[in-house]
Every structure is written in C-alpha cells, then in structure tokens.
Amino acid sequence: MLKLAAKNLWARKLRALTTTLAVFIGIAFVSGTYVLTDTINAAFDQIFTDSLKGTSVVVTARQPIEQNNGETQSFPADLLKKVKKVDGVGLAAGAIFTAGAFFNLDNDPIGAKFAPKFISSVLPDRIESLTYVEGAPPKTAKDAALDQSAVDKAGFKIGDRFRIAGAGKAKSFRLVGVTKLGDASFGGTSIAQLILPEAQRITGKEGRFDQISIAADDGVNPALLTERIKQVLPKTVRVETAEQNAARSSSDIRDNLSFLTILLLVFAGVALFVGSFLIFNTFSITVAQRTREFGMLRTLGASRRQILSSVVFEAFLIGLIGAVAGLFGGILLAQAINALFKAIGIDLPTTSEVIADRTIIVALTIGIVVTVLSSLAPAIRSTRITPMAALLDSTAESDHKHSWVFTALAMLLALLGVAGVLLGLFGGIDDSGEAAGLLGGGAVLVVLAVSLFSPHLVRPLAS
C-alpha cells in the first residue's frame, strides 16, 4: 500500500505539487519567523555582551516607573567615590549613555531614520567596549567620535564637523574617530562618543551618571563584589554583575519585540489555516475520483485499514516534503523580511542566521501534523467505499447541505472575528503582542466563517 501511495502521488504530480505548495507557504512563515527573531535576539545578546567587555559589575538607576519616552534615568555622581572604596574594585568609572540626535552642518539627520541615537562618554581602556577602526578617542570638549555605519551613510571623513543635540541646543563637534562595537550589526543604531564632562553637559546631567562600570581586581568573584557594592549604595540604584545586566537588557528587548514574533506567527497561522482547507479539498476530490479504484482494491482483498493507510501516507509524504522545503524557504523569507524592513528605513540588528533545534522540530511537526489531520476526513471516507463501487459507474455521494446550525455558527464566528480585528486595530490595547494576537485570531475566525458559509455562495455565484 505504501508503494501504491507513492505511485498515486507521482501519477497526480500537479495536484500533489499544489498541495505541497500550501504546506510550504505556511511552514516558510513559521520557520522564517523563528529564524528572523532568533537572529535578532542573538544579535542583541552579542551587542549587550560586547558592550560590557572588561566590566565585572554594573551600577544603574533603579526605575520605579517604566520610562516610555526612552529617557535613561541617572543618579548622583558622588556614588562613584563610595564604589571606589569597596574592597576588590580594581577600576570604576562613571558613564553617560543617553538618547540624543545627530545632524550634519545643513541640519540633515545623521544615521538610520527609525533607529535610536545615543550620546556616550569615553571610558578607560580596560572597560571601553567601543573599538576604533579609524582615528582616536575624543580628547577635548570639541572632539567627538561616531560609529562606522553613521559615518559611512553621511559620507564623513576624519576632521569633518557635525552637530550633536541632547537636552539643550545642538553643538558642533569635530570628528576625530570612527568606532564599532563587536561583530554584530548595530541595526542602524548610532553612537556619538564625547569626553565625560562634555557628555554630561550636553545631556543636561552635570554631576550625574547613567551608569558606573566596575572592573574587579584579579581573582575577585564578580558576584561577591556585587554583594559588597550593594552594601554601600542606596536602594535607588541597581547593582548587577555584567552578565546579569546583559541578560536583563536582552530580556527587555525580547519583550519589546514580542509583537513582531506574534504578528509574523499570526500570518503563518492564517497561511496554514487556509492551506489546510486546500489540502482537505484536494484529498476530498482525489477520494471522489478514485472511487472505482478503491472499490477494486476492496474487491481484490484490501482492508479498510490498508486503504486508510494508503491515503494517510500520501498526506504524510506531502507534509514531509512541504515542511522540509518550507524550513529552508523560511531562511530566505527571513532575509527577505529583513530586506523589506531596511527598504522602509528600519534596520534590525543581525548576525549570522540562527537556526535553532526548536525551529526544525516545530516546522517539521506542524507541516506533517496539519497535512495528515487535513486529509484524515477524506481518508476515513475512502474506507467506506464498498467493493460494489468497482462495478458501478458512479462516484461516492457527497452531502454539501449545510444545516441551519452551520449557518448560525458561521455567522457567530464572523461576528467574533470582525470584533477581534476591530479590537486589535482600534481597541487602544497597550500590549502590542496582545493586539497582534487579537488581529490574527480575528482574521482566522473570519476565514473559518467564510469557509463554512461558502457552499451557500457557490450556486448564486455560478449563476
């Protein structure tokens, strides 16, 4: 029977191809979503880890209220004196890392359109995370360094002048250095580096720090040093190991970008949902056309289980091939989505593509399970074909009459679906992930409602 299933697929290549394509599209969305978001998350992990190179402990302001304006909370610079007195501190330096804006001398913005811009201060070499690919760090209040991506886009060279705006009026600086951070793409984020006093002045944070970076003495455990520093600092600041700080920052980014994963998976769900109907219809047509074939097989002694296994195995092969193709197609789709974001001015941080084991398992499982389940009803119907069907020039009867129950159910699902879409779009929901889920769930309900009601539309549309 398994050999027969393979021959039947080969005999109906075009129909098998279109069914496989339905699986391919849905799985490509699923795997592409995971590849894209996993790659972005890996890039952020690498960026935050690289930004704390040489640092053992980090002190930042504890924010009692979440900041929605992008402002970095600061704390009094006097705390640095207390930190330096703690046993085991090899080096401690205060730093500024605050959002700002950069312009050329014609007041045109510098850097990617939608990406954030940050003003940072120079740190001692031991804990400085930025590396200079050209030039040198700023030495005076008139000097500034800029990241390589922004320099390339603006067409700057060492010695050119540009303007930086912080809390007050923009000021002109001379470009003295070009920087980069690690090997991951910054995703369009730009960083201008100034000497500490000038960074404090231009951000309006004189006498304050956004962060204190601490390097431990040789042999001192960062976790132990963190506990020592906590004892001398107030509860208004957060003291973490560099590893904890990077993990928390990455976690915050993942939460903020969760809406993107949900939105893309919603598209994948809709594609799979629509594809499942195509698979169901394809196998229903196939079973109807093969009535005499199945009847003949029953006449020759084939059992119902063997007929069922034959149809299900056809679905399994289609699901497997479509899922494998969709898995690799997802990698290309992730690159295409990233290119689309770049085209509209959103440059996402990236590194080499991340294909997690979870992505492979989920893609193959969903592809096979959805295909097999979609074919199950037609497969069971095929087992009801009697041996007498081989002697009759007729096809299995099909009942397409929908009762009032199905009509009422279709209307209810349509109303719920439209309500979900409207609530997701105009409900004023703060959680973007929840809004995307409502939007996608509503769309799926509308598709299901249309599919249930569609038999009523066939005759008038045909007329």
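The values are calculated or read from the model by the stated rules, or taken from the named source; none is laboratory data. Owing to the predicted nature of the structure, the values given are computational and were not obtained by experimental measurement. Note that we place each Cβ from the backbone using ideal geometry, even for glycine, and neighbour counts take in every protein chain shown. Each accessible area value is taken on the protein alone, full model and side chains, heavy atoms only, with ligands, DNA and RNA left out. Shrake-Rupley method; radii C 1.70, N 1.55, O 1.52, S 1.80 Å.
List the number of the failed condition for Ile119; all other conditions in (1) open to solvent by less than 10 Å² (accessible area, probe 1.4 Å); (2) in contact with an Asp or Glu (Cβ under 8 Å, 6 or more places away or on another chain) hold.
Status for Ile119: all satisfied but (2).
Going by the conditions given, is Ile360 more than 14 Å from Ile279 (Cβ to Cβ) and either open to solvent by 40 Å² or more (accessible area, probe 1.4 Å) or in contact with an Asp or Glu (Cβ under 8 Å, 6 or more places away or on another chain) (or both)?
Criteria met by Ile360.
Kindly indicate whether any position in the range 96-111 is over 20 Å from Arg163 (Cβ atoms) and not charged (D, E, K, R).
No, the conditions are met nowhere in the range 96-111.
Hey, can you tell me all the residues within the range 191-213 that are among the aliphatic types (A, V, I, L, M) and either in a helix (DSSP H, G or I) or under 24 Å from Phe162 (Cα atoms) (or both)?
Scanning the range 191-213 gives Ile191, Ala192, Leu194, Ile195, Leu196, Ala199, Ile202.
Please go through the range 125-183 and pick out each residue that is open to solvent by less than 60 Å² (accessible area, probe 1.4 Å), of a type in the set (S, T, N, Q) and in contact with a helix residue (DSSP H, G or I) (Cβ under 9 Å, 6 or more places away or on another chain).
Listed by number, the residues that qualify are Ser129, Thr179.
Could you pull out every one of the helices (runs of 4 or more DSSP H) wholly within the range 223-334 that has 2 or more residues that are among the β-branched types (Val, Ile, Thr)?
Ranges flagged: 258-289, 291-299.
Consider only pairs whose beta carbons are under 9 Å apart and that are at least six residues apart or on different chains; among these, list those whose first residue lies in the range 368-381 and is within 15 Å of Gln306 (Cα to Cα) and whose second residue is of a type in the set (Ser, Thr, Tyr).
Every condition considered, the pairs that remain are Pro378/Thr282; Pro378/Ser284; Pro378/Thr286; Ala379/Ser309; Ala379/Ser310; Arg381/Ser284; Arg381/Ser398.
Here are the criteria: (1) modelled with pLDDT of 90 or more; (2) outside any loop (DSSP other than H, G, I, E, B); (3) of a type in the set (A, V, I, L, M, F, W, C). Tell me which single one Val23 does not satisfy.
Against the list (1) modelled with pLDDT of 90 or more; (2) outside any loop (DSSP other than H, G, I, E, B); (3) of a type in the set (A, V, I, L, M, F, W, C), Val23 comes up short only on (1).
Is there a residue in the range 384-406 that is in contact with a Gly (Cβ under 7 Å, 6 or more places away or on another chain), modelled with pLDDT of 75 or more and either of a type outside the set (Gly, Ala, Ser) or open to solvent by less than 80 Å² (accessible area, probe 1.4 Å) (or both)?
no
Kindly indicate whether Ala101 is closer than 18 Å to Ala246 by Cβ, of a type in the set (Gly, Ala, Ser) and at pLDDT below 95.
Against the criterion (closer than 18 Å to Ala246 by Cβ, of a type in the set (Gly, Ala, Ser) and at pLDDT below 95), Ala101 does not qualify.
Just to verify a result, which residue in the range 157-188, among those that are polar (S, T, N, Q) and touching an Asp or Glu at 6+ places or on another chain (Cβ under 8 Å), is modelled with the highest pLDDT?
Thr179
Report yes if Gly417 is modelled with pLDDT of 75 or more, within 24 Å of the chain's Cα centre (by Cα) and open to solvent by less than 50 Å² (accessible area, probe 1.4 Å), otherwise no.
Taking the combined requirement at face value, the residue does not satisfy it.
Yes/no per residue for (1) at pLDDT below 80; (2) closer than 28 Å to Ala336 by Cβ:
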| site | (1), (2) |
| --- | --- |
| Ser213 | no, no |
| Ala247 | no, no |
| Ile253 | yes, yes |
| Phe273 | yes, yes |
| Leu278 | yes, yes |
| Asn281 | yes, no |
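Thr49 - would you say it is modelled with pLDDT of 70 or more, assigned to a helix (DSSP H, G or I), within 22 Å of Val324 (Cα to Cα) and of a type outside the set (Asp, Glu)?
When the stated conditions are applied, Thr49 does not pass them.
Would you point out which residue out of Asp38, Asp87 is in a loop (DSSP other than H, G, I, E, B) and charged (D, E, K, R)?
Of the residues listed, the single one that is in a loop (DSSP other than H, G, I, E, B) and charged (D, E, K, R) is Asp87.
Please go through the range 232-279 and pick out each residue that is over 23 Å from the mean Cα position of the chain (by Cα), of a type in the set (Ser, Thr, Tyr) and either surrounded by fewer than 16 Cβ atoms within 10 Å (Cβ to Cβ) or within 17 Å of Thr37 (Cβ to Cβ) (or both).
The one that is over 23 Å from the mean Cα position of the chain (by Cα), of a type in the set (Ser, Thr, Tyr) and either surrounded by fewer than 16 Cβ atoms within 10 Å (Cβ to Cβ) or within 17 Å of Thr37 (Cβ to Cβ) (or both): Thr236.
Considering only residues of the range 310-327 that are touching a residue at least 60 places away in the same chain (Cβ under 8 Å) and open to solvent by 50 Å² or more (accessible area, probe 1.4 Å), which is nearest to Ser375 (Cα to Cα)?
Ranking the qualifying residues of the range 310-327, first place goes to Phe313.
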